[in-house]
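Worksheet for the structure shown next.
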Amino acid sequence: MGTDKVVSLISELAVLGVRTFAVTGGEPLLREDLALVLHHARSVGINTGIATNGFLLDGSMALALAQAGVSSVQISIDGDRDPHNRIRHNELSYDRAVSAARNCREAGIALITVATVVTKSNIETLPTLLNTLLSEGIRYWKLIPLMPIGRADKSELQIEPATLIAFLEFVRQARRRIRIQIGENLPYLGKYDSQTRNLVTYCPVGITACCLGVDGKIRGCPEMPDSAEFYEGSVLETNFDTIWQRGFVRYREDHLRHQDHDCAKCSWWNRCRGGCWVMRTGEWHCIKNWLIY
């Protein structure tokens, strides 16, 4: 979508009472009109944020984002230097990401979060990364267990029961030192839920959030496959309000409870609601049997 269409859509969202407009990717900093778009959103009363790999987020870019009124920046750092750079096939990536966080802080951006995708290959580096984040003044850390997208079919990345338990034990201890949010792709964690989270967590798809693609098509979240199966409509054909009011039926009417016999009889239903729809595409959605009591 071009700048004019995006700006017009943001104005429409403001009238509807949308509170937050977050830009992710891909890499949002590749979009030349990003600061203009974010400034417009802020001017009509919408809080804005971006999720970035940080590679292009130098001092001048951080200042431009701050001047555009951006209230939050999330930077991806997936482990300490070696695993992070190995995943990205770029020896500069880790240092650029750490510098990006520093640049945002110096520019005065209010909320800086580091996001880490947790895999079997990087979980042992989380304590080292924690110390780095604290030394850089980072106070918020989002930890997202691997999802079945992209290169996640590689066995050396996939989380196993023992890995999950080790991860939750790490979070239980580390949250005393830094504010940690576990990704919504694991909505309920059994006995660990109250030990690793402050708030009850559900998949927000179609309830409080959705994803607008660069082609105008709307689906539940950015991690969902960009395919017709998950499309709810297009803002190039229908106004957003109509799509929001008439779409997302599968998420709002407990379809999973009727389609998944295991969910239908599960005592965790009211806390889990069938889990994450993206995790379900790889049949990774149910971790009940992994958790130790």
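Taking the stretch 10-50 only, how many residues are in a loop (DSSP other than H, G, I, E, B), free of Cβ contacts under 8 Å to residues at least 60 places away in the same chain and more than 21 Å from the chain's Cα centre (by Cα)?
Qualifying residue count for the region: 5.
Please go through the stretch 91-119 and pick out each residue that is surrounded by fewer than 19 Cβ atoms within 10 Å (Cβ to Cβ) and at pLDDT below 95.
Across the stretch 91-119, the qualifying residue is only 110.
Is it the case that some residue within the stretch 233-246 is closer than 18 Å to residue 25 by Cβ, out of contact with any Lys or Arg (no Cβ under 7 Å at 6 or more places or on another chain) and among the acidic types (Asp, Glu)?
Going through the stretch 233-246, the residues closer than 18 Å to residue 25 by Cβ turn out to be none.
Looking for residues that are closer than 18 Å to residue 25 by Cβ, out of contact with any Lys or Arg (no Cβ under 7 Å at 6 or more places or on another chain) and among the acidic types (Asp, Glu), one finds none in the stretch 233-246, hence no.
For the condition assigned to a loop (DSSP other than H, G, I, E, B), among the small types (Gly, Ala, Ser) and under 18 Å from the mean Cα position of the chain (by Cα), what is the one hit in 79, 69?
Being assigned to a loop (DSSP other than H, G, I, E, B), among the small types (Gly, Ala, Ser) and under 18 Å from the mean Cα position of the chain (by Cα) holds for just one of 79, 69, which is 79.
Quick one: is residue 149 under 19 Å from residue 115 (Cβ atoms), β-branched (Val, Ile, Thr) and either touching a Pro at 6+ places or on another chain (Cβ under 9 Å) or at pLDDT 95 or above (or both)?
For residue 149, the condition - under 19 Å from residue 115 (Cβ atoms), β-branched (Val, Ile, Thr) and either touching a Pro at 6+ places or on another chain (Cβ under 9 Å) or at pLDDT 95 or above (or both) - is met.
Considering only residues of the stretch 231-275 that are of a type in the set (Phe, Trp, Tyr) and touching a residue at least 24 places away in the same chain (Cβ under 8 Å), which is nearest to residue 204 (Cα to Cα)? Explain how you work it out, then say what you get.
At the first step, the residues of the stretch 231-275 found to be of a type in the set (Phe, Trp, Tyr) are 231, 240, 244, 248, 251, 268-269.
Still in the list and also touching a residue at least 24 places away in the same chain (Cβ under 8 Å): 240, 244, 248, 251, 268.
Numbers: 240: 18, 244: 14, 248: 11, 251: 9, 268: 17 Å.
Looking at residues that are of a type in the set (Phe, Trp, Tyr) and touching a residue at least 24 places away in the same chain (Cβ under 8 Å), I get 251.
Hey, any hits in the stretch 218-230 for a residue that's over 28 Å from residue 129 (Cβ atoms) and of a type in the set (S, T, N, Q)?
Checking the stretch 218-230: at least one residue is over 28 Å from residue 129 (Cβ atoms) and of a type in the set (S, T, N, Q).
State which residue is modelled with the highest pLDDT when the search covers only the stretch 246-269 and only residues that are among the hydrophobic types (A, V, I, L, M, F, W, C) and surrounded by 15 or more Cβ atoms within 10 Å (Cβ to Cβ).
Ranking the candidates gives 248 first.
Just to check your reading of the model, which residue among 241, 193 is more than 28 Å from residue 23 (Cα to Cα) and either surrounded by 20 or more Cβ atoms within 10 Å (Cβ to Cβ) or among the acidic types (Asp, Glu) (or both)?
Unique residue meeting the criteria: 193.
Considering only the stretch 159-176, I want to know if a residue exists there that is closer than 20 Å to residue 74 by Cα, outside any helix (DSSP H, G or I), of a type outside the set (Asp, Glu) and at pLDDT 95 or above. Step through it out loud before you land on a result.
First pass over the stretch 159-176, keeping only residues closer than 20 Å to residue 74 by Cα: 171, 174-175.
Among the residues that remain, those that are also outside any helix (DSSP H, G or I) are: 175.
Next, only the ones that are of a type outside the set (Asp, Glu) stay: 175.
Keeping just the survivors that are at pLDDT 95 or above gives 175.
Checked the stretch 159-176: at least one residue is closer than 20 Å to residue 74 by Cα, outside any helix (DSSP H, G or I), of a type outside the set (Asp, Glu) and at pLDDT 95 or above.
Among residues belonging to the stretch 135-157 that are surrounded by 17 or more Cβ atoms within 10 Å (Cβ to Cβ) and not hydrophobic (A, V, I, L, M, F, W, C), point out the one that is nearest to residue 284 (Cα to Cα).
It comes out as 148.
The values are calculated or read from the model by the stated rules, or taken from the named source; none is laboratory data. Keep in mind that what you see is a predicted model, and the values were worked out from it rather than measured. Cβ atoms come from the backbone with ideal geometry, glycine included; neighbour counts cover every protein chain shown.
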